[in-house]
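Presented below is the structure to which this report refers.
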Amino acid sequence: MTGRFALTHPPSEVRDWFGYAEEPDFPPRYNIAPSQPVAVVHADFTARHFTLMRWGFIPGFIKDTSTYPLLINIRSETVQEKPSFRAAFMRRRCVLPADGFYQWQASGRARQPFLLRRPDRGLFALAAIWETWSGTDGSEIDTVGMLTTDANGTLAAVGERSPVIVPEDRLSFWLDPLTRPGDAAALLRPPSADFLELVRIGPHVNRADNDGPEIQQSA
């Protein structure tokens with residue numbers, strides 16, 4: 001499971017890379033955690049857009065969110081089949097801008113955290129789907145879940161699952177509402193073996209309250 005990630009680049013660089021219309025200002029985030037607001041890039045038929053959404057996908061048909069689990073990762077192998085995700089994958093594909101994410105490796109009774117990032121420290125796009133959940137009181141929450149697949153290459157050393165990373169040159173294809181789900185599904189694969197580097201880090205990332213650059217210092 002991928003339960004933490006980072007977005008530390010300046011807002012102007014993120015906007016240039018992802019090409020959305022808005023001009024949001026946001027601080028660097030080194031330890032983005034489930035249930036928090038996260039940056040989401042999605043598209044309509046004319047442009048890409050930046051929106052903050054809750055990290056924790058809620059299908060539209062859920063009535064009582066108190067009994068529904070916090071769904072931060074969604075298996076890409078079944079995203080087209082399960083009723084909870086099928087419509088969102090068809091019409092509401094999106095990406096989470098990121099420049100790193102974290103995985104934990106079992107080490108006896110403890111778990112050793114690792115940072116995964118591009119060797120050039122660049123940005124990348126984590127594949128996701130989103131849904132607007134409507135409450136009985138008329139309230140609405142935009143929610144998002146990250147898509148995962150089997151790990152390979154660097155990631156396989158620290159876990160069995162990997163986030164799906166959308167290649168930069170396929171971003172428009174992925175986000176386009178007119179792209180057929182079966183064609184979009186061809187992108188549901190782990191990154192190439194050399195796309196990411198693995199950095200052993202200290203335990204600061206274990207606490208969601210910690211959100212500074214010390215989290216990414218090598219151990």
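The values are calculated or read from the model by the stated rules, or taken from the named source; none is laboratory data. For clarity, every value in this text was computed on a predicted model and none was experimentally measured. So basically every Cβ, Gly included, is an ideal-geometry build from the backbone, and we count neighbours across all protein chains shown. Just the protein is used for accessible areas: all its heavy atoms, side chains included, with ligands, DNA and RNA removed. Shrake-Rupley method; radii C 1.70, N 1.55, O 1.52, S 1.80 Å.
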Would you look at the GNM of the chain, springs on alpha carbons closer than 10 Å, and say which of GLY100, GLY135, GLY60 moves the most? GLY135
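What GluC sites (Glu not before Pro) in the stretch 73-174 are in a loop by DSSP, with at most 16 other Cβ atoms within 10 Å of the Cβ? The partial results should precede the final answer.
Working: sites: GLU77, GLU81, GLU131, GLU140, GLU160, GLU168; in loops: GLU77, GLU81, GLU160.
Passing sites in the stretch 73-174 are GLU77, GLU81, GLU160.
Give me the extension gain from THR136 to LEU52: residue separation times 0.36 nm, minus the current Cα-Cα distance, reported in nm with one decimal.
Details: separation 84, 0.36 × 84 = 30.24 nm, distance 2.22 nm.
Net length gain for the segment: 28.0 nm.
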Among SER172, ASN152, ALA184, the residue whose Cα sits farthest towards the positive end of the charge dipole of the stretch 138-186 (+1 at Cβ of Lys and Arg, -1 at Cβ of Asp and Glu, taken about the Cα centre) is ASN152
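Any idea what diffusion coefficient the stretch 76-148 gets from Stokes-Einstein, in µm²/s, Kirkwood Rh on alpha carbon pairs, 10 °C, 1.306 mPa s? Mind dumping the intermediate values first?
Working: Rh = 14.8 Å.
It diffuses with D of about 107 µm²/s by this estimate.
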Please report the net charge: other residues with Cβ closer than 10 Å to the Cβ of PRO34, K and R +1, D and E -1. +2
Name the residue, out of PHE26, PHE45, PHE89, whose mean-square fluctuation peaks in a Gaussian network model built on the chain with Cα pairs under 10 Å. PHE45
Compute for the chain: radius of gyration divided by Kirkwood radius, i.e. Rg/Rh, restricted to C-alpha atoms, rounded to two decimals. 0.95
Would you mind pulling out the separation of the Cα centroids of the stretch 10-30 and the stretch 57-79, in Å? 27 Å
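About the Cα centre, and with charges only on the beta carbon of Lys, Arg (+1) and Asp, Glu (-1), how big is the dipole of the chain? Nearest 20 debye, please. Please list the in-between numbers first.
Numbers: 23 positive and 26 negative charges, 138 e Å.
Computed about the Cα centre, the dipole is about 660 debye.
Near GLU168, within a Cβ-to-Cβ distance under 14 Å, what is the net charge of the other residues, with Lys and Arg +1 and Asp and Glu -1?
Residues close to GLU168 contribute a combined charge of -2.
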Sorted largest first, the C-alpha extents of the stretch 7-96 along its principal axes in whole angstrom are 37, 31, 24
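Please give the contour-minus-distance gain from LEU198 to ALA156: 0.36 nm per residue of separation, less the Cα-Cα distance, rounded to one decimal in nm. If you can, show how the numbers build up before the last one.
Numbers: separation 42, 0.36 × 42 = 15.12 nm, distance 1.07 nm.
That works out to 14.1 nm of additional length.
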Taking only C-alpha pairs under 8 Å that are 6+ residues apart, what is the relative contact order of the stretch 87-219 in percent? 27 percent
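In square nanometres, what is the average projected area of the Cα convex hull of the stretch 104-219?
On the way: hull surface 41.5 nm².
If you wrap the Cα atoms of the stretch 104-219 in a convex hull and average its projections, you get 10.4 nm².
Note down the net charge around GLU13, summing +1 for each Lys or Arg and -1 for each Asp or Glu among other residues with Cβ under 12 Å from its Cβ. Intermediate results must be reported in sequence, preceding the final value.
Details: positive: ARG15, ARG121; negative: ASP16, ASP99.
Result for the neighbourhood of GLU13: 0.
Before I look further, what does the stretch 137-219 give for accessible area per residue, probe 1.4 Å, in whole square angstrom?
On the way: 4210 Å² over 83 residues.
Ligands and nucleic acids excluded, the figure is 51 Å² per residue.
First measure r as the distance between the Cβ atoms of ARG86 and GLN36, then evaluate 1/(1 + (r/R0)^6) with R0 = 22 Å and state the FRET efficiency to the nearest 0.05.
Numbers: r = 26 Å, r/R0 = 1.19.
Result of the calculation: an efficiency of 0.25.
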What's the FRET efficiency of SER66 with ARG111 using the Cβ-Cβ distance as r and R₀ = 25 Å, to the nearest 0.05? 0.30
GNM flexibility winner over the chain from VAL95, VAL79, VAL144 (Cα, springs under 10 Å): VAL79
Please give the residues of the stretch 16-32, grouped as numeric ranges, whose backbone N is less than 20 Å from a label point set 7 Å along the Cα-to-Cβ vector of GLU214. 28-32
I'd like to know which of GLY100, LEU52, THR67 lies farthest towards the positive end of the charge dipole of the chain, counting +1 on Cβ of Lys and Arg and -1 on Cβ of Asp and Glu. THR67
